[in-house]
Amino acid sequence: MPSFAEPAPELHVTASDLSTVHADLIVIPVPEEDDGDADLAANSKTLAAALEVARGSGEFRGRPFETLIERTEGWAAPRVLLLGCGRREELTVERVRRVASAAGLAARKYRAPRVAFVVGSGVPVALAGHVADGMTLAAFPAGRYKTEDPAAGRIESITIAAPGAATAELQAAAERGRLIADCCNRARTLADEP
């Protein structure tokens, strides 16, 4: 491929506890139904309390693409982004890809080059490939030739975090999704050339 193509972000898969994931931003998808909030409470009482307050005030309901960013203490990652993914019964492959793309765009906005996306509670582990696809698509530098606005941050590394899951199948699915999106991004690069 031509050297002007942006390299795809590195891909990592981990089954370790969320507090030990090394990233600049961890994205946790949150559905509209609050029955999964107990899973979040098991990982962090602070995050669970912040989510409960935000749900109570109406600031965050888990609707598609709503965001709530929180700082974390005692975790390897300094920030966590709670990202709404809508109702569970409406969670499709396309919705997962779009939620993951929104996560990638948010990571670029917050200048977080190393981003982790959690699968298992809000997004099923079986859809990890589509998460990698969406996150890699969001890494595309669309404003490369713009002269006015500074470019958004760059995603260098994507980690798919699935605490307690088997990583071999997860790695294969995520790598396939990243490869498909990388090919799309390379085609977009060629289309952008003058």
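The values are calculated or read from the model by the stated rules, or taken from the named source; none is laboratory data. Note that this is a predicted model, so its numbers are computed, not measured. All Cβ positions, even for glycine, are placed from backbone atoms using ideal geometry, and neighbour counts span all protein chains on display. Accessible surface areas use protein heavy atoms only, side chains included; no ligands, DNA or RNA. Shrake-Rupley method; radii C 1.70, N 1.55, O 1.52, S 1.80 Å.
Tabulated data
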{"quantity": "Heavy-atom accessible area ranking, 1.4 Å probe, most first, across LEU68, LEU190", "calculated": "LEU190, LEU68"}
{"quantity": "Directionally averaged shadow of region 49-107, computed from the convex hull of its alpha-carbon atoms, nm²", "calculated": "4.6 nm²"}
{"quantity": "ARG111 versus LEU179: modelled label distance in nm, points set 7 Å from Cα along the beta carbon direction", "calculated": "3.6 nm"}
{"quantity": "Rounded to 5, the percent of DSSP beta bridges in region 2-161 classed as antiparallel", "calculated": "20 percent"}
{"quantity": "Per-pair calculated FRET efficiency, R0 = 25 Å: ALA187 and ALA15 via Cβ, rounded to 0.05", "calculated": "0.15"}
{"quantity": "Probe 1.4 Å, accessible area per residue of the chain, Å²", "calculated": "49 Å²"}
{"quantity": "Exposure of ILE69 as accessible area (Å², to 10), given a probe of 1.4 Å and all protein chains", "calculated": "60 Å²"}
{"quantity": "Accessible heavy-atom area order of GLU59, GLU156, highest first, probe of 1.4 Å", "calculated": "GLU59, GLU156"}
{"quantity": "The chain - mean residue ellipticity at 222 nm from DSSP helices (-39,500 (n - 2.57) per run, n ≥ 4, rounded to 500)", "calculated": "-12500 deg cm²/dmol"}
{"quantity": "Solvent-accessible area of THR14 with every protein chain in place, 1.4 Å probe, in Å² to the nearest 10", "calculated": "30 Å²"}
{"quantity": "Radius, Kirkwood style, for region 61-146 when every pair of distinct Cα atoms is counted (Å)", "calculated": "13.5 Å"}
